[in-house]
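One structure is given here, and the rest of the page talks about it.
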């Protein structure tokens, strides 16, 4: 006897509201951790930057998870916070699970790419790899989902951040273009993977400054 599974029930507006709020709360929590860590890092003379990504060092692979929350200066943190919040809010409107899924994919895959491509001996810190991942996710998701509204959002992201993102891929001192590139590729993978998940019927998602020693991204 064959049995068919019931179609997944779409989220109602009543359920969607709390899910979006939970996504926003997760975003706020991540930003709060970044700012709190920066405060501690400042008083510790930026010693925490040693806990970033150390390329090619297998024993410090765990730095992939700490690097996005470490920054080389307040200016570095502020410069990353603004696009992180702007892009993160758009993703958070898809719900808590979607924001969490995109963030985890970008941190892990983008971090591994940074670990592989960057030069050994200098730690990499900063959230801009995640920013790149958020941006390319928003840019690409409409192509995979064939959703007109998402395509429009992607066009807006390109219009607002396109020039800045492209210029950040140009190699320059004390800036990890490898981290930016890896984060961007991870965002594309997240858009593909999570759009495929949606098509299967799951509607719920999902450095140092120039005077220091660490690279920033």
Legend entry - Ascending count of other beta-carbon atoms within 10 Å, so fewest first, for 76, 45, 180, 71: 45, 76, 180, 71
Inset, instruction - Provide the gained length on full extension for the span residue 174 to residue 65, in nm with one decimal, where the gain is 0.36 nm per separating residue minus the Cα-Cα distance. - result: 37.2 nm
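Mind ranking 137-149, 105-117 by how tightly packed they are, going by the mean number of other C-beta atoms within 10 angstrom, highest first?
105-117, 137-149
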Inset, instruction - Please order 176, 167 by the number of other Cβ within 10 Å, starting at the fewest. - result: 167, 176
Legend entry - Rg(Cα) / (2.2 N^0.38 Å) computed for the range 93-144, rounded to two decimals: 1.28
Legend entry - Two-site label geometry, residue 39 and residue 146: point separation in nm, points 7 Å out along Cα→Cβ: 5.0 nm
Legend entry - residue 193 paired with residue 104, simple spin-label distance in nm, labels 7 Å along Cα-to-beta-carbon: 0.9 nm
Legend entry - Extension gain from residue 166 to residue 29, taking 0.36 nm per residue of separation minus the Cα-Cα distance: 46.5 nm
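Give me the compactness ratio for the range 16-216, meaning the Cα radius of gyration over 2.2 N^0.38 Å. Show your work: numbers first, answer last.
Details: Rg = 16.3 Å, N = 201, 2.2 N^0.38 = 16.5 Å.
Against the empirical 2.2 N^0.38 Å value, I get 0.99 for the range 16-216.
Values quoted throughout were computed directly from the atomic coordinates according to the rules given, and no laboratory measurement underlies them. Every value quoted in this text rests on a predicted model; they were computed, and no experiment measured them. When we count neighbours, we look across all protein chains shown, and the Cβ atoms used for this are built from the backbone with ideal geometry, even at glycine.
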